[in-house]
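Structure in structure tokens, see below.
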Amino acid sequence: MRAFLCIGLALLLETAWADVPRNIYGAHLLVDNTGSRGMANLKWARFLVGKYGYAKTLMADITKDTQGPKPGWVDWVNECYKMDMIPVCRLGGVYNSGWIKPEADPDGSYKSMAEAVKRVVEGLPRSDKLPLYIEVWNEPNLSVEWSGKPNLREYARFFVEVSKAIRSIGDSRIKIMNGAFALSPSATEECCKAEPEFVNSFDVWASHPYPQNHPPEYNIHDGTAKYKDYTIDAYLLETAVLEKYGRKNVKVMITETGYALGEDVFLDSEGFPAIDEYNRADYIMRAFRDYWEKWPEIVAVIPFQFSDPGWTRSDWVDPSSDTRADGSPTKPHYQYTLVSKLAKSTDDFGSISGKARDAKFGVPLEGVEIKCDEVAFSVATDVMGNYIRSQLKPGVYHLTAVKNGFAPAKAVVKVEAGKNAVADLRLEAVQPGSISGKVLDAVKGEAVKGARITLTPGNATAVTDATGAFTITNLPPVSFTAEAALKGYNSHKIERLVVTPGKDVYRKFRIAESRWPDAKNDCSNPSFETLTNPGEENFIAARWEIQGVGGSYKVVDHVSHSGDRAQGIFATPGRDTMLRMISHYNYAKPGATYTAGVWVMTDSVVKGTGRGAFLSLDFQSNDGGTIQSVVSETKLAGSTGWTYLEATGVAPPSQRISVVLHLEAETGAAYFDDAYLGMIKAAP
């Protein structure tokens, strides 16, 4: 009789879950309780993901002696259910300068740890309406996650035993997931080989596909990806391995993904721009709306990470944010703003969104006014050309797009409840404009003859005359990237230079002598022109980061060697204040010769017992630890003009290389510009 009742209850629960609409939106929290910060995070998450969306958090410090969940974990799961969110609990062990791997029993099994995990899961609340997802550890193929030395045979055995223990609870509301790998088909295969039961020990496959700076249309489903490991659907590489070992039609939960500010892995090789606030919001919004939501294997997508001071490049909400009456944060990042406006499948209303472009080049148009005949609303497009109008009742809507210098464009859109109607618009330019200006030597202040100015898109060009002047006419009123270049000079690139309809836009370009070697420059954002937060005060230029304990920094525009900006570092007494641009993984080739360089200007630097302003070429491991450092021979103090510093060294066994900017002084400031990193001689 008891077995019959259990089966009946399970069937009723499965039926209840089947009635819950599929809502794939999730938030990756790093708070495991319902204190003030925890409740704020949960409210912000609920506003973002909607009813029956997902909230994930970490529940750590589990050992074989753990007797059950912490009270805060119980409260957190209960609060998710109260808010109609589906909890995803990433379980983990102890952290001590790295994650300690689970302790095995003397016989090599993980029975004691599996029973401890079972006690934790068994003590967590469950809902008769929504499931409970359990992710068993995290990225076990990384050294930092497995006591400094990953062992996938150990993890596979551990996971199989934990899965059996959880399943012995006999509650179909509990859904088991593997600890997602730092995306790796080879790690997936190694686990399948090591433990044949591994392939059937999960209910949903957890995966961490990070696209780096690839837009969502660059993906495996559509056959548009050259580098398939770095796409929004790279999980397909892992599920293909699972199918090879007999597990077909696998459901997938993306428990980490997203775009970190400043990421530019494929800037040089494929021309995709570095990630900033605006293209990040555009990419992630379109990934949800146009791709993930339409791929049936996806259960949920939970981008890393939601709001934490330790991961600011990935934040969706500023951790210092307050909460509005509707549950939304007062300081959202733009990706939060866009995604929160998308209709979720559980909504009674729908939304209209799209992108406005010019008809000639397809350039996204900012400031296009989108009007509607049926509803009194007007929204303007952002810098990526996007607009969203949310909370619209189902029906047919007639839109008109208006912008000065363009003919109006119209669209008819059908809105359905819980869906995102897309209406992209193309506007014909009717009032061209022009760009003129002057190119100067930024250090000497003299006009530069023979410099070439190139506009992208369209590749319109002009060459400066003896006075440094140029003019390019008959341009549509769109945003261009303009670059002034001349051999022997560091160029000056200006992004989002907008042509005014029927008028001329005048702009000065500032180029300067280059001391870079002839070899390709692999330094990202070498001239510090790209900002993480355009239009706002920026302390550190995009793609550069603090090395060491930090200090005082600011991107300045009152001095520069070339272009408009330089990176300022301000003295902190008794400290070597550093910024670095670290290469991508496995960039260094042992035995090859590399050079780093940078122009430096100092202002009232009193070095005291320090070394002043200088440069170092640091050979580092993949985790960023320094193996060997080569310091520039020249070190500056006092007040100096622009001076070129250089450091050259042969790479030892290492994986990454950093250009490191230093100011080790009691007072004063140093300004850095036009940095260089390159291989000048291949390994013998």
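Checking the conditions here, which among Ser163, Ser186, Ser97 is among the hydroxyl-bearing types (Ser, Thr, Tyr), in contact (Cβ under 8 Å) with a residue 12 or more places away in the chain and in the same structural domain as Tyr230 (by TED's automatic domain parsing)?
Numbers: Ser186 fails: in contact (Cβ under 8 Å) with a residue 12 or more places away in the chain; Ser97 fails: in contact (Cβ under 8 Å) with a residue 12 or more places away in the chain.
Result: Ser163 is the single residue among Ser163, Ser186, Ser97 that is among the hydroxyl-bearing types (Ser, Thr, Tyr), in contact (Cβ under 8 Å) with a residue 12 or more places away in the chain and in the same structural domain as Tyr230 (by TED's automatic domain parsing).
So, in the range 228-238, of the ones that are of a type outside the set (A, V, I, L, M) and out of contact with any strand residue (DSSP E or B) (no Cβ under 8 Å at 6 or more places or on another chain), which residue ends up nearest to Glu154 (Cα to Cα)? Let's see the steps before the verdict.
Let us first name the residues in the range 228-238 that are of a type outside the set (A, V, I, L, M), namely 228-231, 233, 235, 238.
Next, only the ones that are out of contact with any strand residue (DSSP E or B) (no Cβ under 8 Å at 6 or more places or on another chain) stay: 228-231, 233.
Numbers: Lys228: 28, Asp229: 25, Tyr230: 27, Thr231: 29, Asp233: 27 Å.
Per the stated criteria, the residue is Asp229.
For the range 255-276, enumerate the residues that are among the small types (Gly, Ala, Ser), modelled with pLDDT of 90 or more and touching an Asp or Glu at 6+ places or on another chain (Cβ under 7 Å). Can you show your working first?
First, pick out the residues of the range 255-276 that are among the small types (Gly, Ala, Ser): 258, 260, 262, 269, 271, 274.
Checking the rest, the ones that are also modelled with pLDDT of 90 or more come to 258, 260.
The answer is none; no residue qualifies.
Filtering the range 601-631 down to residues that are under 30 Å from Ala682 (Cβ atoms) and crowded, with 22+ Cβ neighbours inside 10 Å, which residue is nearest to the chain's Cα centre (by Cα)?
Within the range 601-631, the subset under 30 Å from Ala682 (Cβ atoms) is 614-631.
Subsequent filtering for residues that are crowded, with 22+ Cβ neighbours inside 10 Å retains 614-620.
Numbers: Phe614: 31, Leu615: 28, Ser616: 28, Leu617: 26, Asp618: 25, Phe619: 25, Gln620: 23 Å.
Checking each candidate, the answer is Gln620.
Output the number of the condition that Ala462 fails; it satisfies all remaining conditions of (1) in a strand (DSSP E or B); (2) closer than 25 Å to Phe266 by Cα.
(2)
Is it the case, given these coordinates, that Leu91 is among the hydrophobic types (A, V, I, L, M, F, W, C), within 21 Å of Pro21 (Cα to Cα), in contact with a Phe, Trp or Tyr (Cβ under 7 Å, 6 or more places away or on another chain) and at pLDDT 95 or above?
Numbers: among the hydrophobic types (A, V, I, L, M, F, W, C): yes; within 21 Å of Pro21 (Cα to Cα): no; in contact with a Phe, Trp or Tyr (Cβ under 7 Å, 6 or more places away or on another chain): yes; at pLDDT 95 or above: yes.
For Leu91, the condition - among the hydrophobic types (A, V, I, L, M, F, W, C), within 21 Å of Pro21 (Cα to Cα), in contact with a Phe, Trp or Tyr (Cβ under 7 Å, 6 or more places away or on another chain) and at pLDDT 95 or above - is not met.
Also, I was wondering about something else. Residue under question is Arg496, and the condition is that it be within 24 Å of Ala409 (Cβ to Cβ) and either of a type outside the set (Asp, Glu) or in the same structural domain as Arg565 (by TED's automatic domain parsing) (or both); does it hold?
On the way: within 24 Å of Ala409 (Cβ to Cβ): yes; either of a type outside the set (Asp, Glu) or in the same structural domain as Arg565 (by TED's automatic domain parsing) (or both): yes.
When the stated conditions are applied, Arg496 passes them.
I would also like to ask the following. Restricting to the range 239-270, name every residue that is buried (at least 19 other Cβ atoms within 10 Å of the Cβ), charged (D, E, K, R) and in contact with a strand residue (DSSP E or B) (Cβ under 6 Å, 6 or more places away or on another chain).
Glu256
Where residues in the range 199-227 are touching a strand residue (DSSP E or B) at 6+ places or on another chain (Cβ under 9 Å) and more than 17 Å from Val301 (Cα to Cα), which of them is surrounded by the fewest Cβ atoms within 10 Å (Cβ to Cβ)?
The qualifying residue surrounded by the fewest Cβ atoms within 10 Å (Cβ to Cβ) is Ser201.
Okay, moving on. State whether one or more residues within the range 345-354 are touching a Ser or Thr at 6+ places or on another chain (Cβ under 6 Å) and either in the same structural domain as Ile220 (by TED's automatic domain parsing) or surrounded by 18 or more Cβ atoms within 10 Å (Cβ to Cβ) (or both).
Residues of the range 345-354 that are touching a Ser or Thr at 6+ places or on another chain (Cβ under 6 Å), as a first pass: 351.
Next, from what is left, pick out any that are either in the same structural domain as Ile220 (by TED's automatic domain parsing) or surrounded by 18 or more Cβ atoms within 10 Å (Cβ to Cβ) (or both): 351.
Yes; the residues of the range 345-354 include at least one that is touching a Ser or Thr at 6+ places or on another chain (Cβ under 6 Å) and either in the same structural domain as Ile220 (by TED's automatic domain parsing) or surrounded by 18 or more Cβ atoms within 10 Å (Cβ to Cβ) (or both).
Hey, any hits in the range 430-450 for a residue that's among the hydroxyl-bearing types (Ser, Thr, Tyr) and at pLDDT 95 or above? Break it down stepwise before answering.
Step one: list which residues in the range 430-450 are among the hydroxyl-bearing types (Ser, Thr, Tyr), which gives 434, 436.
Among the residues that remain, those that are also at pLDDT 95 or above are: 434, 436.
Yes, some residue in the range 430-450 is among the hydroxyl-bearing types (Ser, Thr, Tyr) and at pLDDT 95 or above.
What do you reckon, is Gly223 out of contact with any Pro (no Cβ under 8 Å at 6 or more places or on another chain) and without any contact (Cβ under 8 Å) to a residue 24 or more places away in the chain?
Yes: the conditions hold for Gly223.
Quick grid of which residues meet (1) farther than 30 Å from Tyr230 by Cα; (2) acidic (Asp, Glu):
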| position | (1), (2) |
| --- | --- |
| Val88 | no, no |
| Gly92 | no, no |
| Ser97 | no, no |
| Ser112 | yes, no |
| Val120 | yes, no |
| Asp128 | yes, yes |
| Ile176 | no, no |
| Ala187 | no, no |
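Could you tell me whether any residue of the range 72-92 is in the same structural domain as Tyr52 (by TED's automatic domain parsing), farther than 23 Å from Trp44 by Cα and in contact with a Pro (Cβ under 6 Å, 6 or more places away or on another chain)?
Taking the range 72-92 and keeping what is in the same structural domain as Tyr52 (by TED's automatic domain parsing), we get 72-92.
With the extra rule that they be farther than 23 Å from Trp44 by Cα, the set shrinks to 92.
The next check asks that each one be in contact with a Pro (Cβ under 6 Å, 6 or more places away or on another chain); those that pass are none.
No, because not a single residue in the range 72-92 is in the same structural domain as Tyr52 (by TED's automatic domain parsing), farther than 23 Å from Trp44 by Cα and in contact with a Pro (Cβ under 6 Å, 6 or more places away or on another chain).
Tell me, which strands (runs of 3 or more DSSP E) wholly within the range 558-649 include 1 or more residues that are closer than 21 Å to Asp264 by Cβ and hydrophobic (A, V, I, L, M, F, W, C)? If you could, list the steps in order and put the result at the bottom.
Values: elements: 566-570, 576-582, 593-606, 612-620, 626-631.
Qualifying strands (runs of 3 or more DSSP E): 566-570, 576-582, 593-606, 612-620.
Suppose the filter is touching a Gly at 6+ places or on another chain (Cβ under 9 Å) and outside the structural domain of Tyr587 (by TED's automatic domain parsing); does Gly502 pass it? Even if it seems obvious, please write down each step before you answer.
Working: touching a Gly at 6+ places or on another chain (Cβ under 9 Å): yes; outside the structural domain of Tyr587 (by TED's automatic domain parsing): yes.
Against the criterion (touching a Gly at 6+ places or on another chain (Cβ under 9 Å) and outside the structural domain of Tyr587 (by TED's automatic domain parsing)), Gly502 qualifies.
I'm trying to understand the selection: among the residues of the range 178-224, which are among the aliphatic types (A, V, I, L, M) and more than 18 Å from Trp146 (Cβ to Cβ)? Working first, answer last.
Step one: filter the range 178-224 for residues among the aliphatic types (A, V, I, L, M), giving 180, 182-183, 187, 194, 199, 204, 206, 220.
Those that are among the aliphatic types (A, V, I, L, M) and more than 18 Å from Trp146 (Cβ to Cβ): Val199, Val204, Ile220.
Give me the pairs: first residue in the range 426-455 and β-branched (Val, Ile, Thr), second residue assigned to a loop (DSSP other than H, G, I, E, B) and surrounded by fewer than 16 Cβ atoms within 10 Å (Cβ to Cβ), beta-carbon distance under 7 Å, and six or more apart or on different chains, which are they?
Val430/Ala407
Could you please find all residues in the range 471-504 being hydrophobic (A, V, I, L, M, F, W, C) and under 21 Å from Pro432 (Cβ atoms)?
Of the residues in the range 471-504, the ones hydrophobic (A, V, I, L, M, F, W, C) are 472, 475, 478, 480, 482, 484-486, 494, 497-499.
Ile472, Leu475, Val478, Phe480, Ala482, Ile494, Leu497, Val498, Val499 - these are the residues of the range 471-504 that are hydrophobic (A, V, I, L, M, F, W, C) and under 21 Å from Pro432 (Cβ atoms).
Pairs only if they're at least six apart or on different chains, beta carbon under 9 angstrom, first in the range 478-491 and at positive phi, second surrounded by fewer than 19 Cβ atoms within 10 Å (Cβ to Cβ) and modelled with pLDDT under 95; list them, first residue then second.
Taking only residues 6 or more apart or on different chains, the pairs are Gly488/Glu513.
Restrict the check to the range 228-235 and report whether at least one residue is surrounded by fewer than 23 Cβ atoms within 10 Å (Cβ to Cβ) and hydrophobic (A, V, I, L, M, F, W, C).
The initial filter retains those residues of the range 228-235 that are surrounded by fewer than 23 Cβ atoms within 10 Å (Cβ to Cβ), namely 228-230.
Applying the additional criterion that residues be hydrophobic (A, V, I, L, M, F, W, C) yields none.
Scanning the range 228-235 turns up no residue that is surrounded by fewer than 23 Cβ atoms within 10 Å (Cβ to Cβ) and hydrophobic (A, V, I, L, M, F, W, C).
Follow-up question, since we're still on this one. Of everything in the range 653-684, what is among the β-branched types (Val, Ile, Thr) and either free of Cβ contacts under 8 Å to residues at least 24 places away in the same chain or touching a Pro at 6+ places or on another chain (Cβ under 9 Å) (or both)? Give them in sequence order.
Step one: of the range 653-684, the residues among the β-branched types (Val, Ile, Thr) are 657, 659-660, 667, 680.
Passing the criteria: Val659, Thr667, Ile680.
Residue-by-condition table, conditions (1) touching a His at 6+ places or on another chain (Cβ under 7 Å); (2) assigned by TED's automatic domain parsing to the domain that holds Ser491; (3) not charged (D, E, K, R):
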{"residue": "Val375", "(1), (2), (3)": "no, no, yes"}
{"residue": "Gly385", "(1), (2), (3)": "no, no, yes"}
{"residue": "Leu392", "(1), (2), (3)": "no, no, yes"}
{"residue": "Ala401", "(1), (2), (3)": "no, no, yes"}
{"residue": "Asn404", "(1), (2), (3)": "no, no, yes"}
{"residue": "Pro408", "(1), (2), (3)": "no, no, yes"}
{"residue": "Lys414", "(1), (2), (3)": "no, no, no"}
{"residue": "Ala423", "(1), (2), (3)": "no, no, yes"}
{"residue": "Lys449", "(1), (2), (3)": "no, yes, no"}
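Taking the range 427-459, which residues are among the basic types (Lys, Arg) and surrounded by fewer than 16 Cβ atoms within 10 Å (Cβ to Cβ)? Give the steps one after another, and end with the answer.
Keep residues of the range 427-459 that are among the basic types (Lys, Arg), which gives 438, 444, 449, 452.
Once the filter is applied, which keeps residues that are among the basic types (Lys, Arg) and surrounded by fewer than 16 Cβ atoms within 10 Å (Cβ to Cβ), the range 427-459 yields Lys444, Lys449.
On to the next question. Taking the condition of being over 19 Å from Asp564 (Cα atoms) and crowded, with 19+ Cβ neighbours inside 10 Å, how many residues in the range 476-492 meet it?
3
The values are calculated or read from the model by the stated rules, or taken from the named source; none is laboratory data. Source: prediction; values computed, not measured. Every residue, glycine as well, gets a Cβ built from its backbone with ideal geometry; the counts of neighbours run over all protein chains shown.
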